[in-house]
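Participant: So that we are looking at the same thing, I have put the structure below in structure tokens.
Coordinate-derived values only; no laboratory data. Keep in mind the model is a prediction, meaning the values are calculated, not measured. Cβ: placed from backbone, ideal geometry, glycine included. Neighbour counts: every protein chain shown.
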Amino acid sequence: MAILVDEKTRVIVQGITGNEGSFHTKRMLEYGTKIVAGVTPGKGGTKIFDIPVYDTVDEAKREHPEADTSIIFVPAKFATDAVYEAIDSGLKLVVVITEHIPIHDSIKFITYARSKGTTIIGPNCPGIISPEKSKIGIMPGNVFLQGNVGIASRSGTLTYEISNVLSKNGIGQSTVIGIGGDPVIGISFTEVMKLYENDPQTKALVLIGEIGGDAEERAAKMVEERAFTKPVVAFVAGKTAPVGKRMGHAGAIITMGSGSYKDKVETLRSVGIKVAETPFEIPKLVKEVLK
């Protein structure tokens with residue numbers, strides 16, 4: 001098992017002919033991801049990497065009814081329309097890689113997606129990978145190892161850096177998901193935790209948090225209320241960030257006395273979650289909780 005994506009997942013790439021889209025489509029194909037179609041308006045009827053390209057998602061879905069997932073590499077100016085198009089075509093999972101989408105646009109399409117039963121990952125995220133099954137995103141596939149530890153991350157780079165540290169220590173992953181660093185995102189830590197809770201392959205969870213917001217506090221509450229019963233190890237990025245200073249992510253800002261590193265770590269530890277001081281401590285803590 002895995003969560004959200006596996007070897008049966010069939011993908012449409014929106015923005016497949018752009019620089020980012022074509023570069024990462026090639027990497028996803030090399031990993032073994034089943035990409036059935038691409039979409040670029042005005043490029044319908046062409047092919048790239050032997051994948052047929054269509055002008056609209058609707059056309060692609062008509063020709064490839066097995067498609068259930070979309071990944072979006074469309075520039076921010078057009079990305080919102082691309083998301084609506086994917087939702088309206090009945091795709092059940094939409095991975096939005098694009099960054100700099102205005103927050104009010106994200107709120108609207110995420111709300112609309114929920115009303116239609118579509119799961120959004122992102123925006124501004126590295127994507128999702130179930131090692132040796134399917135990779136839908138921009139993560140380097142070679143750092144992952146199949147196994148029984150789930151990873152959910154607000155950070156892009158740390159997602160694969162921590163996966164790499166685990167893999168090098170012989171600890172494989174069930175599914176790794178970068179939920180995105182914007183203040184408004186499609187799938188949250190708590191929603192991901194519900195999926196991991198019901199996944200028999202996942203025996204423990206690594207949460208990679210950041211300062212700002214209350215995502216980690218909500219995750220802690222879930223553990224406290226026994227809504228998530230598997231062992232959790234956490235790491236919170238941004239230990240040295242000054243209060244009120246905006247960091248790399250739009251969501252990583254400490255305001256009005258909440259969202260600080262200290263507060264998050266204290267809350268996580270108060271419910272029994274082991275918190276690593278550095279990424280390199282994570283394998284040791286994971287081995288401890290899996291005993």
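Participant: Give the distance, in whole Å, between the Cα centre of the range 1-39 and the Cα centre of the range 209-239.
Facilitator: Centre-to-centre (Cα) distance: 30 Å.
Participant: Under a plain spin-label model, where a point goes 7 Å from the Cα along Cα-to-Cβ, how far apart in nm are K168 and T278?
Facilitator: 1.1
Participant: Residues with beta-carbon under 12 Å from that of A2, excluding A2: net charge, scoring Lys, Arg +1 and Asp, Glu -1?
Facilitator: After counting each charged neighbour, the total is -1.
Participant: Hey, what's the Kirkwood Rh for the range 10-121 if you take every pair of different alpha carbons, in angstrom? Walk me through the intermediate numbers first.
Facilitator: Details: mean 1/r = 0.0731 Å⁻¹.
Every distinct Cα pair counted, the radius reaches 13.7 Å.
Participant: Residue separation times 0.36 nm, minus the C-alpha to C-alpha distance between F49 and A227: what's the value?
Facilitator: Details: separation 178, 0.36 × 178 = 64.08 nm, distance 4.43 nm.
So the chain would gain 59.7 nm between F49 and A227.
Participant: Please list, in chain and number order, the residues 5+ apart from Q146 or on another chain whose amide H is under 5 Å from its amide H, with Hs placed from the backbone.
Facilitator: Counting only residues 5 or more places away or on other chains, the set is Q173.
Participant: At a Förster radius of 22 Å, what calculated FRET efficiency corresponds to the Cβ-Cβ distance of T56 and F78, to the nearest 0.05?
Facilitator: 0.95
Participant: Of (1) 38; (2) 47; (3) 43, which is the value of percent of Cα pairs over 27 Å apart derived from the coordinates here?
Facilitator: (1)
Participant: Zone of F23 (label point 7 Å along Cα→Cβ, backbone N under 15 Å): which residues in the range 33-75?
Facilitator: 73-75
Participant: Based on DSSP H runs of at least 4 residues, each adding -39500 (n - 2.57), what is the mean residue ellipticity at 222 nm of the chain after dividing by all its residues, to the nearest 500 deg cm²/dmol?
Facilitator: Details: 9 runs with 97 residues, N = 291.
Value at 222 nm, helices only, nearest 500: -10000 deg cm²/dmol.
Participant: Among the lysines in the range 10-121, how many pairs, 8 or more places apart or on different chains, have alpha carbons under 20 Å apart?
Facilitator: Value for the range 10-121: 15.
Participant: Once you sort the root eigenvalues of the Cα gyration tensor of the range 139-290 as a ≥ b ≥ c, which label holds: rounded (a/c under 1.5), prolate (a/b larger than b/c) or oblate (the other case)?
Facilitator: Numbers: a/c = 1.59, a/b = 1.35, b/c = 1.18.
Here the range 139-290 falls in the prolate category.
Participant: Would you mind checking the range 87-114 for residues with the amide N under 18 Å from a putative spin-label position 7 Å along Cα→C-beta of T157?
Facilitator: From the range 87-114, the list is 99-100.
Participant: Still on this structure, please answer the following. Please find the FRET efficiency linking E288 to K194, where r is the Cβ-Cβ separation and R0 is fixed at 25 Å, and quote it to the nearest 0.05. Provide the component values of the computation, followed by the final result.
Facilitator: Values: r = 25 Å, r/R0 = 0.98.
With a Förster radius of 25 Å, E is 0.50.
Participant: Now, a different point. For the charge dipole of the chain, defined by +1 on Lys and Arg C-beta atoms and -1 on Asp and Glu C-beta atoms about the Cα centroid, which residue among I120, F228, I87 has the Cα displaced farthest towards the positive pole?
Facilitator: Toward the positive end, the furthest listed residue is F228.
Participant: Then there is this: Which order do D6, D105 fall in if you start with the one that has the fewest other Cβ atoms within 10 Å? It would help to have the intermediate numbers written out before the result.
Facilitator: Numbers: D6 14, D105 17.
So the residues, fewest neighbours to most, are D6, D105.
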